[in-house]
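Take a look at the structure set out below.
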2 protein chains.
Amino acid sequence: MTASAPGQSRRPTLSDVARRAGVSPMSVSRAMRGESGVSAATRAKVLEVVEELGYRLNDSARSLKLGRGSDLVGVVVTHFANPFYSRLALGVEAVIEKRGMRVILGNTEEDPERERELVQNLLERRVDGIVVVPSSYDHSHMKEQAMRGTPVVLAGRPPVALDADCVLVDDFGGAREVTRRLLEEGHRRVAFIGTPPAAYTGAERHRGYCVALDEQSVPVTSDYVDRSGTDTVTAEAAATRMLRLSTPPTAIFAANNRLALGVLRAIGPRDHIGFAAFDDLEYASLLNRDITFVSFDAEQMGRSAGELLLQRLDERSAGGRHMQAERPVSRVVVQVNVVSQHARSRV
Amino acid sequence: MTASAPGQSRRPTLSDVARRAGVSPMSVSRAMRGESGVSAATRAKVLEVVEELGYRLNDSARSLKLGRGSDLVGVVVTHFANPFYSRLALGVEAVIEKRGMRVILGNTEEDPERERELVQNLLERRVDGIVVVPSSYDHSHMKEQAMRGTPVVLAGRPPVALDADCVLVDDFGGAREVTRRLLEEGHRRVAFIGTPPAAYTGAERHRGYCVALDEQSVPVTSDYVDRSGTDTVTAEAAATRMLRLSTPPTAIFAANNRLALGVLRAIGPRDHIGFAAFDDLEYASLLNRDITFVSFDAEQMGRSAGELLLQRLDERSAGGRHMQAERPVSRVVVQVNVVSQHARSRV
DNA sequence: GGAAGTGACGTTAGCGCTACCTATACCTAT
DNA sequence: ATAGGTATAGGTAGCGCTAACGTCACTTCC
């Protein structure tokens with residue numbers, strides 16, 4: 001009620017607790033960590049004072065002393081608002097949380113320079129590992145020399161000139177499969193609305209589309225391919241343009257969930273136009289039309305990434321004991337896609 | 001090419017760099033932080049060695065020495081996969097990132113015990129502040145005594161028996177407004193599909209619904225109210241049940257985006273049934289029906305939360321200089337809702 | 001020519017913890 | 001009784017940094 005201004009008072013240290021409890025700092029340290037070598041009475045007294053003072057361990061001091069990492073895992077994605085990336089982060093969190101570790105976040109907004117800074121910053125913060133969705137093909141800032149033993153796992157895109165584990169979606173296979181379905185339904189003029197070739201996933205999905213057409217000896221027509229899409233609006237515009245051609249496509253494949261929304265807007269009520277998408281569309285069942293889509297479990301990808309990271313950490317800590325291959329082979333986990341179809345409900 | 005096994009070698013310290021560059025540790029420290037008191041030649045030499053050794057500052061040691069926090073802000077939400085929460089985190093990140101701070105993440109899965117542990121853990125990690133979406137009404141673990149001056153901002157739900165800043169959505173006003181719109185369209189049998197009363201937002205939205213009915217002297221019928229909804233599936237079941245009543249509702253209000261999806265599935269092609277929802281539905285324009293919904297900017301909420309946090313931190317660091325009110329007033333930022341309507345396109 | 005700067009460094013100390021060691025007290029077993 | 005446990009405690013040192021101060025060479029001005 002009187003003296004102590006709560007905001008001002010210095011945070012109590014372990015020694016403060018010790019003084020107040022009338023024991024040595026070591027006893028407090030032991031009591032707090034539940035170690036043996038403290039009598040029940042001392043332990044109780046210590047915990048009482050801890051409670052009273054609102055004392056909390058100083059993690060910086062602890063990890064400095066122990067020379068360990070920070071028990072943090074960095075997750076660097078391109079844009080967090082996209083559910084794919086937030087689910088990925090969730091999956092990573094679910095796995096590492098069991099080891100008492102936490103996730104620290106970074107958004108690159110597709111800017112390679114920001115990505116480089118972020119990785120650097122995370123390393124300074126002594127993260128134990130990093131999961132990165134690379135925003136470009138330049139992965140040089142994640143080379144062994146720069147990382148100094150901090151493991152990296154790439155997600156969604158494979159490493160370029162880099163020895164790192166990664167978790168991938170079968171972009172090519174998924175795109176090929178859904179395109180093939182459209183062709184099986186009898187479509188011959190199938191359009192592709194995708195992202196710029198510079199994006200790995202976009203390039204792979206485009207390749208899957210091309211191969212599927214090729215396999216059915218359907219020529220790829222440039223009029224039916226748009227690879228400039230970045231968001232819903234541009235996709236809608238591109239699809240609208242195609243549908244106005246004198247010989248419009250009879251089906252459209254949208255290469256991700258953002259583009260899919262735009263394309264569906266462009267198609268509107270013309271439900272005779274075939275439609276397929278890469279990514280899950282949870283609202284598919286509300287639309288009274290046939291939809292084929294490739295879905296994959298982003299959370300599972302995150303879990304795989306987290307597990308690869310933990311494996312590397314375990315290997316490293318065991319490394320002192322038994323000799324191992326001097327250049328560990330990088331592991332690749334490929335997500336299995338699920339191709340689903342929602343058929344129109346004939347009302 | 002030879003000796004140094006990259007994974008094994010101890011991380012270089014500042015002293016290692018100093019030794020190698022033939023200067024004192026202080027000069028390295030100064031050079032790295034761009035401080036004055038180092039000649040251009042020395043600085044260049046130091047940076048060269050830093051590059052060569054792949055040296056990185058040890059942040060634990062630094063923040064221990066400086067006695068500052070960790071430059072981390074904890075963001076504790078109930079479920080990260082929900083776009084509302086990931087956007088919230090994105091907003092927080094956007095604001096604090098400008099101060100060189102990072103976001104550290106936590107998921108409670110609506111479990112109050114996990115929330116308590118998480119907050120505790122974040123405090124041990126010496127976060128500079130925390131943004132919490134509380135999962136219950138018990139906020140005692142965030143009291144001044146426990147926080148020891150670490151500011152908290154609550155998001156989405158107001159503090160209970162707690163002096164803390166918060167950012168809120170106008171749950172009551174938004175729900176009242178959309179319900180009113182349904183009534184204005186002539187509906188008299190308006191159903192409510194919501195979450196259990198224990199959830200603050202659910203309770204507020206229900207209250208808004210009731211008040212809107214009351215204002216038009218429409219009685220609240222228990223047959224038309226379901227507050228057991230937790231996800232899409234239960235909402236679909238509840239809505240289906242209501243629509244099978246001998247006197248079914250003519251309109252349904254779904255209290256969040258998950259429930260909305262379920263309700264829309266239940267309604268199916270019956271587009272004469274009025275529909276409103278709390279939360280943005282990006283796919284609204286694809287459905288050939290009238291929809292009224294309340295939307296709010298989760299990212300903006302996150303930014304507001306981040307700003308409140310930074311203000312508190314600034315006040316605290318300035319606190320030494322000029323005297324201030326001994327009990328700072330807690331601030332509340334209420335998001336303005338936008339009520340939008342999507343009208344059916346008459347094809 | 002000596003007092004008083006000025007810039008470039010080095011030295012010291014200590015942030016808050018905990019691994020490792022030493023020091024008591026109090027038991028056994030010989 | 002004395003050596004050898006076993007539990008409980010305290011002492012010491014040092015993790016990797018950097019604020020604060022000390023040192024030294026080299027100006028600059030009266």
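The values are calculated or read from the model by the stated rules, or taken from the named source; none is laboratory data. Quick caveat: nothing in here was measured; it's all calculated off a predicted structure. All Cβ positions, even for glycine, are placed from backbone atoms using ideal geometry, and neighbour counts span all protein chains on display.
Evaluation of A:ILE96 against the conditions (1) within 16 Å of DNA strand D (Cβ to nearest atom); (2) modelled with pLDDT of 90 or more shows that the sole unmet condition is (1).
Could you please let me know if B:LEU183 is in a helix (DSSP H, G or I) and aliphatic (A, V, I, L, M)? Criteria met by B:LEU183.
When B:SER135 is tested against the conditions (1) assigned to a loop (DSSP other than H, G, I, E, B); (2) within 7 Å of another protein chain (Cβ to nearest Cβ); (3) under 19 Å from the mean Cα position of the chain (by Cα), the lone failure is (2).
Any chance you could count how many residues in the range B:28-41 are within 9 Å of DNA strand C (Cβ to nearest atom) and either of a type in the set (A, V, I, L, M, F, W, C) or surrounded by 18 or more Cβ atoms within 10 Å (Cβ to Cβ) (or both)? Looking only at that region, the number is 6.
Among the residues making up the range B:283-295, those that are surrounded by fewer than 21 Cβ atoms within 10 Å (Cβ to Cβ), outside any strand (DSSP E or B) and more than 9 Å from every other protein chain (Cβ to nearest Cβ) are B:ARG289, B:ASP290. Of the residues making up the range B:170-203, those that are touching a strand residue (DSSP E or B) at 6+ places or on another chain (Cβ under 9 Å) and under 19 Å from B:SER228 (Cβ atoms) are B:ASP171, B:ALA175, B:VAL190, B:ALA191, B:PHE192, B:ILE193, B:GLY194, B:THR201.
Yes/no matrix, rows are residues, columns are (1) more than 9 Å from DNA strand C (Cβ to nearest atom); (2) modelled with pLDDT under 90; (3) under 27 Å from B:ILE104 (Cβ atoms); (4) surrounded by 15 or more Cβ atoms within 10 Å (Cβ to Cβ):
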residue: A:PRO6; (1), (2), (3), (4): yes, yes, yes, no
residue: A:SER9; (1), (2), (3), (4): yes, yes, yes, no
residue: A:GLY22; (1), (2), (3), (4): yes, no, no, no
residue: A:MET26; (1), (2), (3), (4): no, no, no, no
residue: A:VAL46; (1), (2), (3), (4): yes, no, no, yes
residue: A:LYS65; (1), (2), (3), (4): no, no, yes, no
residue: A:THR78; (1), (2), (3), (4): yes, no, yes, yes
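The residue pairs whose first member lies in the range B:259-271 and is over 12 Å from B:ALA238 (Cα atoms), whose second member is among the aliphatic types (A, V, I, L, M) and not in a helix (DSSP H, G or I), and whose beta carbons are closer than 6 Å, counting only pairs six or more residues apart or on different chains, are B:PRO269/A:VAL347. Confirm whether A:ASP163 is outside any helix (DSSP H, G or I), surrounded by fewer than 21 Cβ atoms within 10 Å (Cβ to Cβ) and within 14 Å of chain B (Cβ to nearest Cβ). Taking the combined requirement at face value, the residue satisfies it.
When the range A:186-226 is filtered for residues that are within 22 Å of A:THR250 (Cβ to Cβ), among the polar types (S, T, N, Q) and in a loop (DSSP other than H, G, I, E, B), the ones remaining, listed by number, are A:GLN216, A:SER217, A:THR221. In summary, A:THR195 fulfils each of the numbered conditions (1) surrounded by fewer than 19 Cβ atoms within 10 Å (Cβ to Cβ); (2) under 27 Å from A:TYR85 (Cβ atoms); (3) among the hydroxyl-bearing types (Ser, Thr, Tyr) with the single exception of condition (1).
A:SER217 fulfils the conditions (1) on the phi > 0 side of the Ramachandran plot; (2) under 29 Å from the mean Cα position of the chain (by Cα) except for a single criterion, (2). When B:VAL334, B:VAL329, B:VAL294 are screened for being among the β-branched types (Val, Ile, Thr), modelled with pLDDT under 70 and either outside the structural domain of B:GLY274 (by TED's automatic domain parsing) or at negative phi (or both), only B:VAL329 passes.
Just one of the listed residues (B:THR150, B:THR179) is assigned by TED's automatic domain parsing to the domain that holds B:LEU310 and either of a type in the set (A, V, I, L, M) or buried (at least 19 other Cβ atoms within 10 Å of the Cβ) (or both), and it is B:THR150.
Looking at B:VAL92, is it closer than 22 Å to B:ALA298 by Cα and touching a residue at least 40 places away in the same chain (Cβ under 8 Å)? When the stated conditions are applied, B:VAL92 passes them. Checking each residue of the range B:299-309 against the condition of being among the hydroxyl-bearing types (Ser, Thr, Tyr), away from every other protein chain (no Cβ under 13 Å), at negative phi and out of contact with any Ser or Thr (no Cβ under 6 Å at 6 or more places or on another chain) gives at least one match. Residues that are more than 9 Å from every other protein chain (Cβ to nearest Cβ) and either charged (D, E, K, R) or within 9 Å of DNA strand D (Cβ to nearest atom) (or both) within the range A:47-64 comprise A:GLU48, A:GLU51, A:GLU52, listed in sequence order.
Go through the range B:67-76 residue by residue and tally those that are away from DNA strand D (no atom under 14 Å from the Cβ) and surrounded by fewer than 19 Cβ atoms within 10 Å (Cβ to Cβ). Number satisfying all stated conditions: 1. Only one of the listed residues (B:ASP16, B:ASP59) is closer than 30 Å to A:ALA81 by Cα, without any contact (Cβ under 8 Å) to a residue 40 or more places away in the chain and within 16 Å of DNA strand C (Cβ to nearest atom). That residue is B:ASP59.
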